[in-house]
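For reference, the structure discussed in these notes is given below.
Every number in this text was worked out from the coordinates using simple rules, so none of it is lab data. The structure presented is a predicted model; accordingly, all values stated were derived computationally and were not measured. In this analysis, Cβ positions are derived from the backbone assuming ideal geometry, glycine residues included, and neighbour counts consider all displayed protein chains.
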């Protein structure tokens, strides 16, 4: 957790992007408070639920958000180790950047890098 906390410190305004944010965010905050002693960064005031973002951008709802992104972008991305926290986070990050690229092409949207 200290490595994660140090990594987060490099960003001006980090955003928690998770699927579902209520579940993942709860555990992330719990671990930060238990192992670091604080939740830090106001991260939980800047949280986005992946499914809600995809739904808002696409107007479509598909239960599994990886399948949802695939149905919109035609990009297939497999999670090599589902339910392993680090791989789940990497997978969600990859899906976010696939969606970001798609939204930029479709709508000319540009999301800040930091």
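Pick from 96, 77, 86: which is most flexible by mean-square fluctuation in a GNM of the chain where alpha carbon atoms under 10 Å apart are linked?
86
Under a point spin-label approximation (7 Å from Cα along Cα-to-Cβ), what is the residue 100-residue 34 distance to one decimal in nm?
The two pseudo-label positions are separated by 3.0 nm.
Distance from the Cα centre of the stretch 1-36 to that of the stretch 55-93, in angstrom?
The stretch 1-36 and the stretch 55-93 have Cα centres separated by 20 Å.
Between residue 52 and residue 3, take the C-beta separation as r, use R0 = 35 Å, and let me know the FRET efficiency to the nearest 0.05.
Here the calculated transfer efficiency is 0.75.
Work out the FRET efficiency for residue 12 and residue 62 from their Cβ-Cβ distance, taking R0 = 22 Å, and round it to the nearest 0.05.
For residue 12 and residue 62, the calculated efficiency is 0.10.
What is the helix-to-structure angle for 21-35, meaning the angle in degrees between its Cα long axis and the longest Cα principal axis of the chain, kept from 0 to 90 and rounded to the nearest 10?
Compared with the principal axis, the helix lies near 20 degrees.
By how many degrees, between 0 and 90 and to the nearest 10, does the Cα long axis of helix 85-107 differ from the longest principal axis of the chain?
40
Working only with C-alpha atoms, what are the Rg and Dmax values of the chain, expressed in angstrom?
For the chain, the Cα radius of gyration and maximum Cα-Cα distance read 14.7, 43 Å.
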